[in-house]
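In what follows, a single structure is set out as structure tokens and then discussed.
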Ligand SMILES: Cc1ncc(COP(=O)(O)O)c(C=O)c1O
């Protein structure tokens, strides 16, 4: 159990981690119908812990539930309060928070007996998602698997079933000895990583794939777009990116709650720029770290102290 917080919030109650159980014949386990979030809380420089962009994450959870016609029987504020309570009770300073809503019914058949979801919220310690690559830059490959098109799945939502596609790309990269994969969309343009968005830097501009490229609209992506424009005065375009554009980019980096800002230094054996973490990537990595640690008062509204 080690790094898990001692309590799980489960359908309205805080219960010991060991007691938060479901049956093996649970509908959602079989059919991949569930929606979730990944949120981080950080110890800020004033010693207090703050959850980063909590309300945007709760809103996306509700949006995802809506896309899958799941009914979460709690309001936005009740969910936010529950998340704060789990973090507070954990005693953790830096931690990762995982709310998940799913059909908790032991009935098989794709049509669920109810669309009313159970909601569970767990919390644990999670270091750098891509390990040393955060500092050294990630070596990545383009996956053979493509991100599903938006007329197959609502790709703007964060649903458990979407991650079987992410899983395939992730293990492909790891089995070949790389840090991470990049997936193309069904048209052949760059979409995103298995659990992170992607940016390239070209001629002092940032370019990131648009929503129609089957991406999850990342909250870190949104933060980086705003920080790049406001703090660094850099232009940001949301435009289709070809593989050729990625190979010839000056820099590239991933963004995500788990991944934070992680430079990409090689794609399919091709070094990006000079093959080292780029200047703009490093500046944005540092700026993001400063914001989540509460060092920039202008961004206090993104922090919810627990
Ligand atoms: C597929 C996918 N894309 C992008 C992201 C980045 O989203 P965010 O920055 O909101 O964590 C994530 C992580 O949640 C993800 O799983």
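Taken together, the values in this text are just the output of simple stated rules run on the coordinates, not laboratory data. If you're wondering where the values come from, they're calculated on a predicted model, not measured in any experiment. Glycine gets a Cβ as well: all are built from the backbone with ideal geometry, and neighbour counts include every protein chain shown.
Computed from Cα positions, the angle between helix 54-67 and the longest principal axis of the chain comes to roughly 70 degrees. Over segment 7-124, the pair-distance histogram of Cα-Cα distances with 5 Å bins from zero comes to 2, 12, 22, 22, 19, 13, 6, 3, 1, 0, 0 percent, rounded to whole numbers.
Extension gain, residue 18 to residue 150: 0.36 nm times the residue separation minus the Cα-Cα distance gives 43.7 nm.
Dividing the Cα radius of gyration of segment 236-306 by its Kirkwood radius returns 1.07 for Rg/Rh. Modelled spin labels at residue 174 and residue 279, positioned 7 Å past Cα toward Cβ, are 3.7 nm from each other.
Stretching residue 305 away from residue 125 to a fully extended chain increases their span by 63.0 nm, per 0.36 nm per residue minus the current alpha-carbon distance. Dividing the convex hull volume of the alpha-carbon atoms in segment 167-306 by its residue count gives 117 Å³ per residue. Which percentage, to the nearest 5, of the DSSP beta bridges contained in the chain is antiparallel? Once the DSSP bridges in the chain are tallied, antiparallel ones form about 80 percent. Here the relative contact order of the chain, from alpha carbon pairs under 8 Å that lie six or more residues apart, stands at 20 percent. In terms of surrounding Cβ atoms within a 10 Å radius of their Cβ, 8, 84 rank from fewest to most as 84, 8. Convex hull volume of the C-alpha atoms in segment 102-199, normalised per residue: 151 Å³. Note on the chain: helix-only mean residue ellipticity at 222 nm, from DSSP H runs of 4+ residues weighted -39500 (n - 2.57) and normalised by residue number, equals -8000 deg cm²/dmol. Along its principal axes, segment 1-57 has C-alpha extents of 46, 25, 22 angstrom, given from the largest down. Taking segment 83-107 and a reference point 7 angstrom along Cα→Cβ of residue 6, the backbone N atoms nearer than 13 Å belong to 88-92.
Annotation: average projected area of the chain is 15.4 square nanometres, based on the convex hull of Cα atoms across all directions.
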